[in-house]
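The values are calculated or read from the model by the stated rules, or taken from the named source; none is laboratory data. None of the values given here were measured: they were computed from a predicted structure. We place every Cβ from the backbone using ideal geometry, glycine too, and count neighbours over all the protein chains shown.
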Amino acid sequence: MGLVVQKYGGSSVADAEGIKRVAKRIVEAKKNGHQVVVVVSAMGDTTDELIDLAEKVSPMPSGREFDMLLTAGERISMALLAMAIKNLGHSAQSFTGSQAGVITDSVHNKARIIDVTPGRIRTALDEGNIAIVAGFQGVSQDKKDITTLGRGGSDTTAVALAAALDAEVCEIYTDVDGVFTADPRVVKKAKKIDWIAFEDMLELAASGSKVLLHRCVEYARRYNIPIHVRSSFSGLQGTWVSSEPPVQKTQQQGDQKVEQAIISGVAHDTSEAKITVVGVPDKPGEAAVIFRAVADAEINIDMIVQNVSAASTGLTDISFTLPKTEGRKAIDALEKAKAGIGFESLRYDDQIGKISLVGAGMKTNPGVTAGFFEALSDAGVNIELISTSEIRISVVTRADDVNEAVRAVHTAFGLDSDSDEAVVYGGTGR
Ligand code: ADP
Ligand code: ASP
Ligand code: MG
């Protein structure tokens, strides 16, 4: 029996009962002969509550202090979980990200893991303990400051530890039974996916399916760590995310590889905003100056569209999307660079949503894009921006239209389950 890493999200440890329930599950894995490393998130909506608290004290807190504050959430859950396990007669030790050897760069609020040196975790395991690690946090290599990995970052902690410890599997326990063809909170008829390739999962995660974080899937693909996403509330098999399809036994044909679906699912995201730079001179180099200003502020952008310049004015508008949380910073950076760019004004719109259809089958099925637009049109949804990759097509719409649009596309592509409704066991969806 090998080593397993289990990650429990906030909804799985939302209260004392949740912590005790999860402790029992962890002890079961240990009793089955595994070495167990647990990564835990902050209880329930603690991280959101800490963010609200910080906003009441300061509108733009320093990244260092903000990270110090947010990491407190995971400290609470890790210590309580270790206590609950000890109460069941098993030994457990909790560790902060820094103690567990999670080394990051120094970009506060969205640090990247650059190394994992889990010496203390190995020792704890060798001494027969269950090791509990605070998710979502690390320590910066240069300044030795405490950092956080961005919202949902405990998923990345789990996969990074699984890679560093050469784990058999990384289990991500959450409040739904696995990865579904759409968010079960929006589409009751969403279907659980048994297996999904890293590539499709990467696109779903990047498009807003927060069941797994994009960086965590990237990490898992790079180190080839299979992920099993499942519910901490039910005993059901969840979704396997890996490079190769698993082999299934069939009665007629013997062993068969599970087939990859043409369409994996529909993702949506309402966490982005749109900035339009109005009246940009239509000459070479303008886009470069605009996006350099945004990049220098360490802001990642998503979609970009430039509309055709009206010949009479020689001016054009450039719109792009970015996380709402970066909106203020981007506007400030562009205002500062205004003299060098020479635009007329900036427009900020945070009432947008993005809907994406993901599937490797798009490469070979020309009708997919048309079907996607027809479904949106039938639902009366207006499209503002479009972007595509080889296996994804995304549109930006009004935020109010998103849920309706997701359901329409899900139905149009035959993804609705004809048997049971997807179960959401906990969480507030915040
Ligand atoms: P945790 O607290 O366990 O990290 P998250 O809230 O981050 O949980 O992620 C689980 C949630 O992701 C689900 O409750 C669900 O609402 C949402 N979700 C979005 N898209 C999907 C999808 N395609 N499949 C499953 N869950 C999804
Ligand atoms: N507690 C952090 C958050 O809410 C990290 C995580 O849950 O993965 O974003
Ligand atoms: Mg999460």
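Restricting to the range 146-169, name every residue that is more than 16 Å from ligand 2 (Cβ to nearest atom) and farther than 22 Å from Ala206 by Cβ.
Within the range 146-169, Ala164, Leu165, Asp166, Ala167, Glu168, Val169 qualify.
Considering only residues that are small (Gly, Ala, Ser) and on the phi > 0 side of the Ramachandran plot, look in the range 144-157 and name the one that is farthest from ligand 1 (Cβ to nearest atom).
Gly150
Just to be sure before I move on: is Ile19 assigned to a helix (DSSP H, G or I), farther than 22 Å from Glu127 by Cβ, within 16 Å of ligand 3 (Cβ to nearest atom) and among the aliphatic types (A, V, I, L, M) in the structure I sent?
So Ile19 does not fit the description; no.
Quick one: how many residues across the range 346-374 are more than 15 Å from Leu204 (Cβ to Cβ), in contact (Cβ under 8 Å) with a residue 40 or more places away in the chain, surrounded by fewer than 19 Cβ atoms within 10 Å (Cβ to Cβ) and of a type in the set (Gly, Ala, Ser)?
Adding up the residues that qualify gives 1.
Consider Leu88 carefully, then state whether it is surrounded by fewer than 23 Cβ atoms within 10 Å (Cβ to Cβ), of a type in the set (A, V, I, L, M) and free of Cβ contacts under 8 Å to residues at least 24 places away in the same chain. Reasoning before the result, please.
Details: surrounded by fewer than 23 Cβ atoms within 10 Å (Cβ to Cβ): yes; of a type in the set (A, V, I, L, M): yes; free of Cβ contacts under 8 Å to residues at least 24 places away in the same chain: no.
No, not satisfied.
Need pairs with beta-carbon distance below 7 Å; first residue farther than 17 Å from Leu202 by Cβ and within the range 170-188, second within 15 Å of ligand 2 (Cβ to nearest atom) and among the aromatic types (Phe, Trp, Tyr); sequence gap 6+ or separate chains.
Tyr173/Tyr8
Suppose we filter Val395, Val424, Val381 for residues that are among the aliphatic types (A, V, I, L, M) and under 29 Å from Gly44 (Cβ atoms); which single one remains? Quick ask: steps written out before the conclusion?
Numbers: Val395 fails: under 29 Å from Gly44 (Cβ atoms); Val381 fails: under 29 Å from Gly44 (Cβ atoms).
One residue alone meets the criteria, Val424.
Would you pick out the residues in the range 41-70 that are in contact with a Gly (Cβ under 7 Å, 6 or more places away or on another chain) and assigned to a helix (DSSP H, G or I)?
Answer for the range 41-70, where residues must be in contact with a Gly (Cβ under 7 Å, 6 or more places away or on another chain) and assigned to a helix (DSSP H, G or I): Thr46, Thr47, Leu50.
Among the listed residues Ser58, Ser41, identify the single one that is of a type in the set (Gly, Ala, Ser) and more than 16 Å from ligand 3 (Cβ to nearest atom).
Just one listed residue meets the conditions, Ser58.
Which strands (runs of 3 or more DSSP E) does the range 213-295 wholly contain that include 2 or more residues that are touching a residue at least 60 places away in the same chain (Cβ under 8 Å)?
On the way: elements: 227-231, 239-242, 247-250, 254-257, 265-269, 272-281.
So the answer is 227-231, 239-242, 265-269, 272-281.
Whether any residue in the range 122-143 is surrounded by fewer than 24 Cβ atoms within 10 Å (Cβ to Cβ), under 18 Å from the mean Cα position of the chain (by Cα) and either away from ligand 1 (no atom under 16 Å from the Cβ) or under 15 Å from Val40 (Cα atoms) (or both) is what I want to check.
Scanning the range 122-143, I find no residue that is surrounded by fewer than 24 Cβ atoms within 10 Å (Cβ to Cβ), under 18 Å from the mean Cα position of the chain (by Cα) and either away from ligand 1 (no atom under 16 Å from the Cβ) or under 15 Å from Val40 (Cα atoms) (or both), so the answer is no.
Can you tell me which residues in the range 118-168 are under 16 Å from Leu69 (Cα atoms), in a strand (DSSP E or B) and within 16 Å of ligand 3 (Cβ to nearest atom)?
Selection gives Ala134, Gln137, Thr148.
Taking Ser62 as meeting all but one of (1) at pLDDT 95 or above; (2) surrounded by fewer than 23 Cβ atoms within 10 Å (Cβ to Cβ); (3) more than 24 Å from Gly426 (Cβ to Cβ), write down the number of the exception.
Result: Ser62 fails condition (1) only.
Do we have any residue at all in the range 39-57 that's of a type in the set (Val, Ile, Thr), free of Cβ contacts under 8 Å to residues at least 60 places away in the same chain and surrounded by fewer than 16 Cβ atoms within 10 Å (Cβ to Cβ)?
yes
Within the range 217-237, is even one residue touching a His at 6+ places or on another chain (Cβ under 7 Å), of a type in the set (A, V, I, L, M) and within 16 Å of ligand 2 (Cβ to nearest atom)?
No, the range 217-237 has no match at all.
Condition test on Val294, is it at pLDDT 95 or above, more than 22 Å from Glu203 (Cα to Cα) and either in contact with a helix residue (DSSP H, G or I) (Cβ under 8 Å, 6 or more places away or on another chain) or surrounded by fewer than 21 Cβ atoms within 10 Å (Cβ to Cβ) (or both)? Show your work before the answer.
Details: at pLDDT 95 or above: yes; more than 22 Å from Glu203 (Cα to Cα): yes; either in contact with a helix residue (DSSP H, G or I) (Cβ under 8 Å, 6 or more places away or on another chain) or surrounded by fewer than 21 Cβ atoms within 10 Å (Cβ to Cβ) (or both): yes.
Considered against the rule, which asks whether it is at pLDDT 95 or above, more than 22 Å from Glu203 (Cα to Cα) and either in contact with a helix residue (DSSP H, G or I) (Cβ under 8 Å, 6 or more places away or on another chain) or surrounded by fewer than 21 Cβ atoms within 10 Å (Cβ to Cβ) (or both), Val294 comes out as yes.
Does Ala370 meet the test of being over 30 Å from Leu50 (Cβ atoms), out of contact with any helix residue (DSSP H, G or I) (no Cβ under 9 Å at 6 or more places or on another chain) and part of a helix (DSSP H, G or I)?
Yes.
Do we have Lys20 as among the basic types (Lys, Arg), closer than 22 Å to Tyr425 by Cβ, surrounded by 23 or more Cβ atoms within 10 Å (Cβ to Cβ) and touching a helix residue (DSSP H, G or I) at 6+ places or on another chain (Cβ under 6 Å) here?
no
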